[in-house]
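Asks: Here it is, the structure in full.
We did not get these values from a lab; they are worked out from the coordinates using the rules stated. All values derive from a computational prediction rather than experimental measurement.
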C-alpha cells in the first residue's frame, strides 16, 4: 500500500495507523470546525473531516503545483453525543468536570467521521460506538481531570486512559473508534481503493 497523508495531528490516530502498519506522513492545514446548524449529529464529523481533507488537498495542489495532488489523504473527526447534543472539547478544568459529570452513569455515543480522498474518488463514512459509564464520583472526576488534563479530547476523556479503565461499564461497537479512528474499517477502505 502506498504511503498516505494523514490530515490530523492526533497522537491517537497516528498510533492506530502505526499499529495497523500503514505508512503515512502527517500534513495538516487549519480549518474552522464549523458546520451547518441543521446538520444531523452523525453527519457533523464527516462534514468537518471533509473540510480537513480538502484543505490539505488544495494546499498540496498549490504548493507542489499538482505534483502530489494524487496522493491518498485520510482525514477524521470525532464527536461525543449525549441526549442528541454534541459535546466538544472542554475549554478548562471546570468545563471538563461538568462534561464528565454529565456522562457519569449514562450512555453516550462516540461518532467518528472519516474521509478518504484518492485521485477523484471520495470515500466518506461515520462509525458510531455506544459507551456507558459507571457512576463516577466527584473525586474520580477531579483526579482524572487534574492528572490527565483531557482538554484536547471530545467528551473530556480518552478511553485508553485511567478513566476508561475504571469508569467505563460497557462499549457496544468499535473500541478504536472511541480512540479516534475506526482503523479496521479504514484499512478495508484503503484496500478497496487499490483493488
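Asks: Multiplying the sequence separation of residue 101 and residue 32 by 0.36 nm and subtracting their Cα-Cα distance, what value in nm do you get?
Replies: This chain segment gains 22.0 nm when fully extended.
Asks: Continuing with the same structure: To test your reading of the geometry: what angle, between 0 and 90 degrees and rounded to tens, separates the Cα axis of helix 183-194 from the longest principal axis of the chain?
Replies: So the inclination is approximately 10 degrees.
Asks: Here's another thing I want to ask about it. I need to check one value: relative contact order of the chain, counting alpha carbon pairs closer than 8 Å and at least 6 residues apart, in percent.
Replies: 22 percent
Asks: Now a separate question. When the helices in the chain are scored as -39500 (n - 2.57) per DSSP H run of 4 or longer and the sum is shared across all residues, what 222 nm value do you end up with, to the nearest 500 deg cm²/dmol?
Replies: Helix-only estimate at 222 nm: -11500 deg cm²/dmol.
Asks: Follow-up question, since we're still on this one. What number, in nm² with one decimal, is the all-direction average of the projected area of the convex hull of the alpha-carbon atoms of segment 4-194?
Replies: If I average the Cα hull's projected area over directions, I get 10.9 nm².
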